[in-house]
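Data first, discussion second: the structure below is written as structure tokens.
The values are calculated or read from the model by the stated rules, or taken from the named source; none is laboratory data. Just so we're clear, the structure is a prediction, and the values are computed from it rather than from any experiment. Don't worry about glycine lacking a Cβ; one is built from the backbone with ideal geometry, like all the others, and counts go over all protein chains shown. Protein only, heavy atoms only, side chains kept; ligands, DNA and RNA dropped before computing areas. Shrake-Rupley method; radii C 1.70, N 1.55, O 1.52, S 1.80 Å.
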Amino acid sequence: VKIGLQFRYIGLIFMLAVLASLVTGYTVFATGWTFLGEKLANVYPQGRLIYILRATNIALLRNLLLVSPIIFVIGLLFSHKIAGPLYRIEKSLDEIAKGNLLMKIKLRQGDELADLAEMINLMTENVNKTISTTKISSLEIQNNINEIKKLISSQPCDCARIGSLILNLQTKLSELDSCLDKWNTA
């Protein structure tokens with residue numbers, strides 16, 4: 001898990017939840033007491049009304065302090081489903097960049113970013129197939145060149161066989177071009 005990302009994410013969720021709770025709580029509280037204060041001022045003595053107001057403030061803060069750890073834990077669990085996959089994807093891309101095209105990104109069930117991981121796996125598979133095809137064609141071309149060299153050095157020269165090998169080389173080069181043309185490069 002990318003701990004730094006995870007804690008920044010949790011901090012953001014936590015601060016937004018606390019801010020939303022404070023704004024909502026105090027908006028309801030202030031609005032309610034504005035209307036009720038006018039009505040209750042005639043019923044309760046002034047000191048009693050201040051006591052009720054303080055008790056309500058304390059209850060609001062106490063409840064906010066009780067709910068805050070729950071918000072933090074939920075944020076932690078949710079962020080784990082994002083920060084963990086990001087870490088795995090980053091490590092896998094590092095391996096792929098080093099040339100390991102057999103690398104597959106495996107995420108846990110329920111992790112976020114599964115679509116991104118699947119797209120990277122598909123891309124890696126396509127690049128792997130292209131490189132495998134290119135390697136096979138390159139080996140066949142090298143074998144044909146070696147055979148042409150042998151034929152040229154032998155006496156008498158088998159021009160028909162050389163022509164056939166050159167035609168085969170041209171076919172293999174066309175296959176290579178076709179295989180590589182699907183990739184846009186600089």
### Query
Looking at Gly110, is it at positive phi, free of Cβ contacts under 8 Å to residues at least 12 places away in the same chain and out of contact with any Pro (no Cβ under 8 Å at 6 or more places or on another chain)?
no
### Task
Could you please give the count of residues in region 108-133 that are open to solvent by 50 Å² or more (accessible area, probe 1.4 Å), among the charged types (D, E, K, R) and not in a helix (DSSP H, G or I)?
2
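Suppose the filter is among the β-branched types (Val, Ile, Thr), under 30 Å from Gly25 (Cα atoms) and in contact with a helix residue (DSSP H, G or I) (Cβ under 6 Å, 6 or more places away or on another chain); does Ile141 pass it?
Values: among the β-branched types (Val, Ile, Thr): yes; under 30 Å from Gly25 (Cα atoms): no; in contact with a helix residue (DSSP H, G or I) (Cβ under 6 Å, 6 or more places away or on another chain): yes.
When the stated conditions are applied, Ile141 does not pass them.
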#### Entry: Scan of region 89-107 for residues that are over 16 Å from the mean Cα position of the chain (by Cα), surrounded by 11 or more Cβ atoms within 10 Å (Cβ to Cβ) and small (Gly, Ala, Ser), ordered by number
none
### Task
Within region 54-75, track down each residue that is open to solvent by less than 60 Å² (accessible area, probe 1.4 Å) and not β-branched (Val, Ile, Thr).
Ala55, Asn57, Ala59, Leu60, Leu64, Ser68, Gly75
### Query
List, please: which pairs have Cβ atoms under 6 Å, are six or more places apart or on different chains, and start with a residue in region 12-41 that is modelled with pLDDT of 70 or more and end with one that is open to solvent by 40 Å² or more (accessible area, probe 1.4 Å)?
Phe14/Phe72; Gly25/Leu60
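A quick yes/no check of all residues on (1) of a type in the set (Asp, Glu); (2) more than 30 Å from Phe78 (Cα to Cα):
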position	(1), (2)
Lys104	no, no
Asp111	yes, no
Met123	no, no
Val127	no, yes
Asn143	no, yes
Ser154	no, yes
Ile162	no, yes
Leu176	no, yes
